[in-house]
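**Student:** Okay, handing you the structure first.
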Amino acid sequence: MSDCSTCPSKNKCSSKDTVGSQGCGKLLPKYGTIKNVIGIISGKGGVGKSTVTGILASTLRKKGYKVGVLDADITGPSMPRFFGINDKRAVIEPIDENNFKYNPVESKGGTKVLSMNLLIPKEDDPVVWRGPIVTSVLTQLFTDTVWGELDYLLIDMPPGTSDITLTVMQSFPITELIIVSTPQDMVSMIVKKVITMAKKMPLQIRGVVENMSYIVCPGCDTKMRVFSKKSAEEHAEYLGIPLLGELPINVDLTEALEQGIAEQYVMDNDLYSLIFEGLY
Ligand code: ADP
């Protein structure tokens with residue numbers, strides 16, 4: 001924990017101290033090394049942040065990278081469903097009275113996933129904890145999980161600018177943030193708030209993914225922007241960050257999500273690899 005050599009932020013770190021949890025204050029995983037930690041965040045819930053996290057993870061796996069996903073959206077955890085592992089449970093190994101080791105569940109496609117929903121007895125049990133407990137549990141899920149060697153850990157962040165988001169932004173060694181928004185929210189103040197918060201940390205913002213950008217007419221293949229007359233480029237320009245991709249409203253994806261085969265759908269479908277071509 002006190003050695004900077006494995007820290008994902010080591011080249012971007014301004015701390016002159018010997019880092020780890022004692023120097024710069026950033027947390028490091030105890031059981032593995034992670035080259036890049038990417039936070040995926042949105043201004044509010046329901047815009048497709050988790051879906052985009054799953055899509056990005058699956059396209060990275062398809063490229064052959066070693067990928068992990070930490071579901072930090074504790075009150076709305078949906079990553080196990082995306083990866084079709086919601087009937088599995090993560091194995092918790094006690095180290096001593098106060099410490100545990102968490103073993104992530106590996107999806108069929110090889111992504112290591114950890115989520116509160118893989119630790120509670122039943123996935124529909126609510127998590128009724130106050131903020132400080134959630135924050136402390138989340139911290140443990142990052143540091144005490146057996147991630148092994150990862151090229152990318154994607155963190156599905158809680159939506160908005162809550163206390164938990166603040167903790168993740170401040171104490172996790174995030175290498176970059178990706179913002180997810182829908183066209184109608186691109187110009188809203190909640191997205192601006194998230195961007196301003198990230199810049200204050202300061203954290204590098206890679207750009208914005210516009211989700212539910214358009215539908216494709218089944219008759220003539222025309223792309224129709226149903227939610228906004230402005231283009232995604234115009235929206236990104238307004239936000240002052242690069243546009244990383246536009247995702248269509250895709251009912252086949254929704255169906256795949258419902259059936260727990262979204263990972264397979266994304267890996268088999270070139271659409272998503274093409275959209276994020278060149279990103280990683
Ligand atoms: P968030 O994480 O922002 O709360 P989710 O990723 O859980 O949002 O998505 C909310 C709902 O919208 C889910 O039911 C998901 O299946 C659906 N959804 C998200 N993106 C798309 C898309 N591009 N096409 C079709 N359905 C989508």
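The values are calculated or read from the model by the stated rules, or taken from the named source; none is laboratory data. These numbers come from a predicted model, not from an experiment. Note: ideal-geometry Cβ built from the backbone for every residue, glycine included; neighbour counts use all protein chains shown. Areas reflect the complete protein model, heavy atoms only, side chains present, ligands, DNA and RNA absent. Shrake-Rupley method; radii C 1.70, N 1.55, O 1.52, S 1.80 Å.
**Student:** Out of the residues in the range 73-86 that are assigned to a loop (DSSP other than H, G, I, E, B) and not hydrophobic (A, V, I, L, M, F, W, C), state the one that is farthest from residue 265 (Cα to Cα).
**Tutor:** 75
**Student:** Kindly indicate which of 68, 45, 76, 64 is of a type outside the set (Ser, Thr, Tyr) and buried (at least 23 other Cβ atoms within 10 Å of the Cβ). Write out each step before concluding.
**Tutor:** On the way: 45 fails: buried (at least 23 other Cβ atoms within 10 Å of the Cβ); 76 fails: buried (at least 23 other Cβ atoms within 10 Å of the Cβ); 64 fails: buried (at least 23 other Cβ atoms within 10 Å of the Cβ).
Result: 68 is the single residue among 68, 45, 76, 64 that is of a type outside the set (Ser, Thr, Tyr) and buried (at least 23 other Cβ atoms within 10 Å of the Cβ).
**Student:** Working carefully through the options 60, 70, find the one that is more than 12 Å from the ligand (Cβ to nearest atom) and either of a type in the set (Phe, Trp, Tyr) or part of a helix (DSSP H, G or I) (or both).
**Tutor:** 60 is the lone residue from the list that is more than 12 Å from the ligand (Cβ to nearest atom) and either of a type in the set (Phe, Trp, Tyr) or part of a helix (DSSP H, G or I) (or both).
Residue by residue, here is whether (1) closer than 17 Å to residue 172 by Cβ; (2) among the hydrophobic types (A, V, I, L, M, F, W, C); (3) touching a Lys or Arg at 6+ places or on another chain (Cβ under 8 Å) holds:
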| site | (1), (2), (3) |
| --- | --- |
| 47 | no, yes, no |
| 95 | no, yes, yes |
| 105 | no, yes, yes |
| 114 | yes, yes, no |
| 120 | no, yes, no |
| 127 | no, yes, no |
| 140 | yes, no, no |
| 147 | yes, yes, yes |
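**Student:** Is it the case that the range 123-134 has a residue that's of a type in the set (Gly, Ala, Ser), in contact with a helix residue (DSSP H, G or I) (Cβ under 8 Å, 6 or more places away or on another chain) and surrounded by 13 or more Cβ atoms within 10 Å (Cβ to Cβ)?
**Tutor:** No; the residues of the range 123-134 include none that is of a type in the set (Gly, Ala, Ser), in contact with a helix residue (DSSP H, G or I) (Cβ under 8 Å, 6 or more places away or on another chain) and surrounded by 13 or more Cβ atoms within 10 Å (Cβ to Cβ).
**Student:** Go through (1) out of contact with any helix residue (DSSP H, G or I) (no Cβ under 8 Å at 6 or more places or on another chain); (2) open to solvent by less than 30 Å² (accessible area, probe 1.4 Å) for residue 184 and report which single condition fails.
**Tutor:** Every condition holds for residue 184 apart from (2).
**Student:** Report yes if some residue within the range 204-222 is open to solvent by 70 Å² or more (accessible area, probe 1.4 Å), in contact with a strand residue (DSSP E or B) (Cβ under 6 Å, 6 or more places away or on another chain), of a type in the set (D, E, K, R) and over 30 Å from residue 26 (Cα atoms); otherwise report no.
**Tutor:** No, the range 204-222 has no match at all.
**Student:** Among the residues of the range 137-165 satisfying the criterion of being part of a loop (DSSP other than H, G, I, E, B) and open to solvent by 30 Å² or more (accessible area, probe 1.4 Å), which is nearest to the ligand (Cβ to nearest atom)?
**Tutor:** In this case the residue turns out to be 159.
**Student:** Could you grab me the full set of residues in the range 228-253 that are more than 16 Å from residue 51 (Cβ to Cβ) and surrounded by 17 or more Cβ atoms within 10 Å (Cβ to Cβ)?
**Tutor:** Across the range 228-253, the qualifying residues are 228, 232, 235, 236, 239, 241, 243.
**Student:** If residue 104 meets every condition in (1) within 18 Å of the chain's Cα centre (by Cα); (2) in contact (Cβ under 8 Å) with a residue 60 or more places away in the chain apart from one, which number is that one?
**Tutor:** Every condition holds for residue 104 apart from (2).
**Student:** Among the residues of the range 96-118, write down those that are closer than 15 Å to residue 86 by Cβ and open to solvent by 40 Å² or more (accessible area, probe 1.4 Å).
**Tutor:** 106, 108 - these are the residues of the range 96-118 that are closer than 15 Å to residue 86 by Cβ and open to solvent by 40 Å² or more (accessible area, probe 1.4 Å).
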